[in-house]
Amino acid sequence: MISVKQVRDFAKDIMEEKRFLHAERTAQMSREITMAHNIDDDICNKIEIASMLHDIARDMPEELLLSKAYKKDLNINKYELEKPVLLHGKVGAEIVKSKLAIFDEDILNAIRYHTSGRVGMSIVERVVMISDVIEIGRKFRGVEELRGMAMENLNDIFKRIIENKIVYFVQCGLFVLPKTYELWNHILLKEANTDGKELYIF
């Protein structure tokens, strides 16, 4: 598999400086989380690679995102058509496949779904999403509490991240993507079916 250094060099060449620094901070947070939870080295490597690449298409103009999405037949939904920036994960995954020959689905899905989430996310996908939200450059109210939660219980922090995303989208008048609320409902159903016992998402 491609090395983290190769991925970092590729990201640095393509991304705007501000976005690249965010990617580096996301990767650093992911390393802290994986170390805290003794996650296997091969999974840690996937997480770090996906963390560096998750926003590889974030600064792409909307017209270009749409063009690439149509060209790759990415099944654009009505929300992505209205707000093409929502395509940056899907388009980013295609860039990673074509430019870096990365075909690992854990890595690609972590890039595709780091904004929306989805039912059935792997540990790679979940840690990348968590790290993206709480990396050290984030300055919103409550972020320190979330960072502490991430070191203690991955189930709790993952649920809180999804909850916070939905609240944020609603408060800002943004679309709540179907995959996000499907994931939230899935978590609640899983909890209900455990009769109050701890839900082991991971």
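The values are calculated or read from the model by the stated rules, or taken from the named source; none is laboratory data. All values derive from a computational prediction rather than experimental measurement. FYI the Cβ positions are ideal-geometry reconstructions off the backbone, even for glycines, and counts take in every protein chain you see.
Go through Asp13, Asp9, Asp73 for me and flag whichever is assigned to a loop (DSSP other than H, G, I, E, B) and of a type outside the set (A, V, I, L, M, F, W, C).
None of the other options fit; the residue is Asp73.
Given the residues Glu191, Glu135, which is the only one that is surrounded by fewer than 18 Cβ atoms within 10 Å (Cβ to Cβ) and of a type outside the set (Val, Ile, Thr)?
That would be Glu191, the only listed residue that is surrounded by fewer than 18 Cβ atoms within 10 Å (Cβ to Cβ) and of a type outside the set (Val, Ile, Thr).
Pick out, from the stretch 109-197, the helices (runs of 4 or more DSSP H) lying fully within it that include 1 or more residues that are polar (S, T, N, Q).
Output list reads 123-134, 154-171, 178-192.
Looking at (1) hydrophobic (A, V, I, L, M, F, W, C); (2) over 15 Å from Ser131 (Cβ atoms); (3) buried (at least 19 other Cβ atoms within 10 Å of the Cβ), which is the only condition Ile47 fails?
In the conditions (1) hydrophobic (A, V, I, L, M, F, W, C); (2) over 15 Å from Ser131 (Cβ atoms); (3) buried (at least 19 other Cβ atoms within 10 Å of the Cβ), Ile47 misses (2) alone.
Tell me which residues, restricted to the stretch 88-107, are of a type outside the set (Asp, Glu), assigned to a helix (DSSP H, G or I) and in contact (Cβ under 8 Å) with a residue 24 or more places away in the chain.
Scanning the stretch 88-107 gives His88, Gly89, Val91, Gly92, Ile95, Val96, Lys99, Leu100, Ile107.
Out of Val85, Val91, which single residue is out of contact with any strand residue (DSSP E or B) (no Cβ under 7 Å at 6 or more places or on another chain), buried (at least 22 other Cβ atoms within 10 Å of the Cβ), under 25 Å from Ile47 (Cβ atoms) and at pLDDT 95 or above?
From the options Val85, Val91, the qualifying one is Val91.
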